[in-house]
Amino acid sequence: MDKILIVDPLRQSSDLIRQCLASTGYEIFTAESGLNALSKVSLFLPDIVLLNAELPDISSFDVCKRIKSNPETEFTLILFMSSLDTRDSRARALQVGADDYIEKNFDSYLLISKVNSLLRVKHLSDMLKQKYVELEEKNHLLELQLKMSRQVQHALIPDIDLTFKGIRFSSQYMPAMDIGGDFYDVLQLSDSSIAVVMGDVSGHGISAALLTAMLSVMIRSLAPKYFNPDQLLFYLNNDLYKIFENSVKEMYACVFYAVIDTKEQKLYYSNAGQAIPVMVRTEADGEEAASELEAVGLPIGMMENSSYEFHQLNYEPGDLIVFHTDGLSDAFYKNNPDEFSKRFKEVLEDAKPLEDSKEIIEIILNAFYNYNATENEKYEMDDVSLIICRL
């Protein structure tokens, strides 16, 4: 039940107002002075105060200002009542916080109309404040979930800076949002072999982060069992397909999987719809030549029993391979993949002589990543992941 406090030094006037509001069903209190009004506002917390402009002890403007400046009562509605409806008195009342103003020789219909109107506004305001509190609680919970997701994703997608049998690996991960849908890994399979994983799942946000975490665990489980990349992708595809077979939303991932055999100096690889890595080799004439490690295959999780091409090639010490996700082309070449491929190979041919992999990564990002994108543009951008492999 809404509560109304009538502040009027004249008992007859106060009773008249009470009678006008008697049929409304509001709970009504009265006060005869400013100090008494302040006391009852703190005690009863009325929803609206009908405040007479003329009080015997303190100024009604001061009463209004003190009610509105108190954090516990700042949202209490105040309807100023004055026998003089002048522009100055109305302006001053509104200036100190009054919500509305009414001339004291009002009729009952006008008073009830103003009171009801003010209370409707207050009810809407209270609803908005409640919704805001609920939204803040949900945002807090979401932030905790995002923080946990970031921690899990960071643990599964660490910065890579390692050397294995003379092969050097360096990585860079740049999610479009706080958490992303890219994932990668470098897994030692034996004393002479090591695997490289580069992947990109469908979607963004928490659901994508959970899928990257799941795929990372699945790949680490399958890698010791299946040496050949096409076999690993085959079983990874079937496992993921079974998990989301009855899902209302299609879930899939693009994955490039490569195994480097340091004993035989061979590279074995298969692709499930992922952006094609580029290999740069030094030709007999001393020129650098870049070529793509092309391989065809559907993204994993889209169709049961999908098969994947198996490729192998010999490598020479000093050769360079750059694994990446398709977010690298989004900033400037999203609608022109052929031009991106051409430019990407040119950049890598120029960068190959550099010994510092981090410097190569910086050159690549300066050429293809839009650091100056606005927040809205970044939201529309894809994640970018890179692994530099110096054989």
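Results for (1) in contact with a helix residue (DSSP H, G or I) (Cβ under 6 Å, 6 or more places away or on another chain); (2) of a type outside the set (Gly, Ala, Ser), shown as yes or no for each residue.
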{"position": "4", "(1), (2)": "no, yes"}
{"position": "17", "(1), (2)": "no, yes"}
{"position": "20", "(1), (2)": "yes, yes"}
{"position": "26", "(1), (2)": "no, yes"}
{"position": "31", "(1), (2)": "yes, no"}
{"position": "42", "(1), (2)": "no, no"}
{"position": "67", "(1), (2)": "yes, yes"}
{"position": "72", "(1), (2)": "no, yes"}
{"position": "84", "(1), (2)": "no, yes"}
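Being touching a strand residue (DSSP E or B) at 6+ places or on another chain (Cβ under 9 Å), at pLDDT below 95 and not aromatic (Phe, Trp, Tyr) is the requirement here; does residue 216 meet it? For residue 216, the condition - touching a strand residue (DSSP E or B) at 6+ places or on another chain (Cβ under 9 Å), at pLDDT below 95 and not aromatic (Phe, Trp, Tyr) - is met.
Scanning segment 21-53 for residues that are of a type in the set (A, V, I, L, M, F, W, C) and crowded, with 17+ Cβ neighbours inside 10 Å returns 21, 28, 29, 31, 37, 38, 41, 48, 49, 50, 51, 53. Look at residue 243 and say whether it is surrounded by fewer than 18 Cβ atoms within 10 Å (Cβ to Cβ) and aliphatic (A, V, I, L, M). Yes. Taking segment 1-107 and the helices (runs of 4 or more DSSP H) fully enclosed by it, the elements with 3 or more residues that are under 42 Å from the mean Cα position of the chain (by Cα) are at 60-69. Pairs linking a residue in segment 339-361 that is in the same structural domain as residue 172 (by TED's automatic domain parsing) to a residue that is among the small types (Gly, Ala, Ser) and assigned to a helix (DSSP H, G or I), with Cβ atoms under 6 Å and 6 or more positions apart or on different chains, are 340/329; 347/367; 360/351.
Annotation: residue 268 fulfils all but one of (1) in contact with a His (Cβ under 8 Å, 6 or more places away or on another chain); (2) crowded, with 23+ Cβ neighbours inside 10 Å; the unmet one is (2).
Residue under question is residue 307, and the condition is that it be touching a residue at least 40 places away in the same chain (Cβ under 8 Å), in the same structural domain as residue 196 (by TED's automatic domain parsing), part of a loop (DSSP other than H, G, I, E, B) and polar (S, T, N, Q); does it hold? It is true that residue 307 is touching a residue at least 40 places away in the same chain (Cβ under 8 Å), in the same structural domain as residue 196 (by TED's automatic domain parsing), part of a loop (DSSP other than H, G, I, E, B) and polar (S, T, N, Q). Residue 135 falls short of the stated requirement of being outside any loop (DSSP other than H, G, I, E, B) and under 20 Å from residue 2 (Cβ atoms).
Checking each residue in segment 317-332 for being crowded, with 18+ Cβ neighbours inside 10 Å and either at pLDDT below 95 or among the small types (Gly, Ala, Ser) (or both) picks out 325, 326, 327, 328, 329, 330, 331. All of 28, 6, 48, 17 fail the test of being more than 21 Å from residue 93 (Cβ to Cβ) and in contact with a strand residue (DSSP E or B) (Cβ under 6 Å, 6 or more places away or on another chain), apart from 28. Here residue 225 clears all of (1) without any contact (Cβ under 8 Å) to a residue 24 or more places away in the chain; (2) part of a helix (DSSP H, G or I); (3) of a type outside the set (S, T, N, Q) except the condition numbered (2). With respect to (1) assigned to a helix (DSSP H, G or I); (2) within 20 Å of residue 19 (Cα to Cα), the lone exception for residue 123 is condition (2).
The criterion of being surrounded by 20 or more Cβ atoms within 10 Å (Cβ to Cβ), free of Cβ contacts under 8 Å to residues at least 40 places away in the same chain and in contact with a Ser or Thr (Cβ under 7 Å, 6 or more places away or on another chain) holds for residue 295. One residue alone among 265, 231 is at pLDDT 95 or above and out of contact with any strand residue (DSSP E or B) (no Cβ under 7 Å at 6 or more places or on another chain), and that residue is 231. Would you check which residues across segment 254-280 are free of Cβ contacts under 8 Å to residues at least 40 places away in the same chain and part of a strand (DSSP E or B) and list them? Passing the criteria: 271, 272.
Before we move on, is residue 78 in contact (Cβ under 8 Å) with a residue 12 or more places away in the chain, closer than 16 Å to residue 49 by Cα, surrounded by fewer than 17 Cβ atoms within 10 Å (Cβ to Cβ) and in contact with a helix residue (DSSP H, G or I) (Cβ under 9 Å, 6 or more places away or on another chain)? Judged against the criteria, residue 78 is not a match.
The values are calculated or read from the model by the stated rules, or taken from the named source; none is laboratory data. On a predicted model such as this, the values are computed, not experimentally measured, just so you know. For neighbour counting, all protein chains shown are included, and Cβ atoms are generated from backbone atoms with ideal geometry for every residue, glycine included.
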